[in-house]
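A.B. asks: If you scroll down you'll find the structure; I have some questions about it.
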Amino acid sequence: MSQTDYVTVREYLVTEIALANANQSGVLATITLSQFRAARIVDDHYVISVMDHNTAAVYGLAKIVLTLSLYGCMSMRKRFAHK
């Protein structure tokens, strides 16, 4: 995968997640691989709990909700990007 392809896919996925969830950017920036792997399925969506974000002390865990297909794309990107 070229660097251009990597960046294009990464930016597409981040945009999709940001638009679908309307969280602050810190939530997306602090999501960890272990949190991604620990996602649970609720009503045909994956729900990822993010612990370390700016407002965690006040609001608790932030939730990122992904469709099954978006979670699959994220999983595939992770496999290709970390080879």
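Just so you know, all these numbers are worked out from the coordinates, no wet-lab data involved. On a predicted model such as this, the values are computed, not experimentally measured, just so you know.
A.B. asks: Can you tell me the orientation of helix 3-21 relative to the chain, as the angle in degrees between its alpha-carbon axis and the longest Cα principal axis, to the nearest 10?
C.D. replies: 30
A.B. asks: How far is helix 68-81 tilted, in degrees, relative to the longest principal axis of the Cα atoms in the chain, given as a value from 0 to 90 rounded to the nearest 10?
C.D. replies: Long axis of 68-81 versus the principal axis of the chain: about 60 degrees.
A.B. asks: Explain nothing, just the number: relative contact order of the stretch 3-81, from Cα pairs under 8 Å at least 6 residues apart, as a whole percent.
C.D. replies: Computed over the stretch 3-81, the figure is 29 percent.
A.B. asks: Just the ratio, please: alpha-carbon radius of gyration of the chain over 2.2 N^0.38 Å, N its number of residues.
C.D. replies: So the chain has a normalised radius of gyration of 1.10.
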